[in-house]
1. In the range 54-73, how many are buried (at least 19 other Cβ atoms within 10 Å of the Cβ) and in contact with a Cys (Cβ under 9 Å, 6 or more places away or on another chain)?
2. In the list Arg111, Arg84, Arg115, which residue meets the criterion of being touching a helix residue (DSSP H, G or I) at 6+ places or on another chain (Cβ under 7 Å) and at negative phi?
3. Do you know which of the residues in the range 178-201 that are in contact (Cβ under 8 Å) with a residue 24 or more places away in the chain and in a strand (DSSP E or B) is surrounded by the most Cβ atoms within 10 Å (Cβ to Cβ)?
4. Would you say Gln159 is among the polar types (S, T, N, Q), buried (at least 18 other Cβ atoms within 10 Å of the Cβ), under 17 Å from the mean Cα position of the chain (by Cα) and under 30 Å from Arg257 (Cβ atoms)?
5. Which residues, taken from the range 54-69, are at pLDDT 95 or above and either farther than 15 Å from Trp228 by Cα or of a type outside the set (Phe, Trp, Tyr) (or both)?
6. Just need a number here: residues in the range 117-172 that are free of Cβ contacts under 8 Å to residues at least 12 places away in the same chain and within 19 Å of Ser183 (Cα to Cα).
7. I'm checking my understanding of the structure. Among residues of the range 80-97 that are within 25 Å of Asn234 (Cα to Cα) and free of Cβ contacts under 8 Å to residues at least 12 places away in the same chain, which one is surrounded by the most Cβ atoms within 10 Å (Cβ to Cβ)?
8. Exactly one condition in (1) surrounded by 15 or more Cβ atoms within 10 Å (Cβ to Cβ); (2) at pLDDT below 95; (3) polar (S, T, N, Q) is false for Ser171; which is it?
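The values are calculated or read from the model by the stated rules, or taken from the named source; none is laboratory data. Since this is a predicted model, take the numbers as computed values, not measurements. A quick note on method: Cβ atoms are made from the backbone with ideal geometry, for glycine too, and the neighbour counts reach across all protein chains shown.
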Amino acid sequence: MTHSAPVIPDEAAVVGQSLNKQLAGEKLHSAIYTGWISHQRLQPKLHGFRYQLFMLYLDLEELPYLFKNNSLWSYLKPNCAYFRRQDYLGSPDQPLELCVRDLVETHTGQRPLGRIGLLTHCRYWGICFNPVSFYYCHDSQGELQAIVSHITNTPWQEQFAYVHEVKQDKSLLFKLDKDFHVSPFMPMDIDYQWQFSAPGDTISVHMQNWRQQQAMFFATLKLERQPWQAASLNRMLFSYPWMTLKVVAAIYWQALRLWLKRMPFYPHPKQHSKPGDES
């Protein structure tokens, strides 16, 4: 599928727009979100947990200039906290925004021409791991057009992207088949039901796993928006100093608990059933 090259805004103009927004007190599209995530396993045995966390909602147009005048955070350059291109979707030698637009167009036939917001973790103290990052893709009128769920599994470090197209009824409930192995304690023959909210004062994601018409597993992410401020970023960095390390440690700790409960073990299927694996 061919398409014209995207228009890349003049760097100085974008810098000026971002700085002018901050000086005028206008709310940026980018934000800090704080809240919690919970998992509840229903089959074959009960198991659950809940953790506090923070995530960043990064407007990809604003991203290169969000960490200006903050000595602890940076874009593309190593720091206490920084955005590293290699940690995200697509080829690291391609602009992230271009990779997301291409992926959505390939899967839906429609290219998102508006803003793209990324809900994710950055690299903190040299460590980054995102079990899932979400890209909220808007059309030229500012309406949500598609959501991309970009998943990384552990310990295989493979990546896979599900593209959820927002239909005319604007429903953000998506039903899909599982096509990517995530946990050795969850089989592949799973039906997903994922419910999203549009980014706003809050963001929520609720995922359900069903097998043979029986609910097996629920996961819920609930976050509240905080303004994008350097002081707030630094407070998050020191309030949650090992955010991404905590994510990795929690995955292995919960896996150990599942193993001790003698949950069924499902080996890696070696290949996934549909294109989309970016490993």
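1. Qualifying residue count, the range 54-73: 3.
2. Numbers: Arg84 fails: touching a helix residue (DSSP H, G or I) at 6+ places or on another chain (Cβ under 7 Å); Arg115 fails: touching a helix residue (DSSP H, G or I) at 6+ places or on another chain (Cβ under 7 Å).
Within the list Arg111, Arg84, Arg115, the selection yields Arg111.
3. Restricting attention to the range 178-201, the residues satisfying the condition of being in contact (Cβ under 8 Å) with a residue 24 or more places away in the chain are 178-188, 190, 194, 196-201.
Those still in the list that are in a strand (DSSP E or B) too: 194, 196.
Numbers: Trp194: 19, Phe196: 22.
Per the criteria, the residue is Phe196.
4. Numbers: among the polar types (S, T, N, Q): yes; buried (at least 18 other Cβ atoms within 10 Å of the Cβ): yes; under 17 Å from the mean Cα position of the chain (by Cα): yes; under 30 Å from Arg257 (Cβ atoms): yes.
Yes, satisfied.
5. Listed by number, the residues that qualify are Met55, Leu56, Leu58, Asp59, Leu60, Glu61, Glu62, Leu63, Pro64, Leu66.
6. 1
7. Arg85
8. Failing condition for Ser171: (1).
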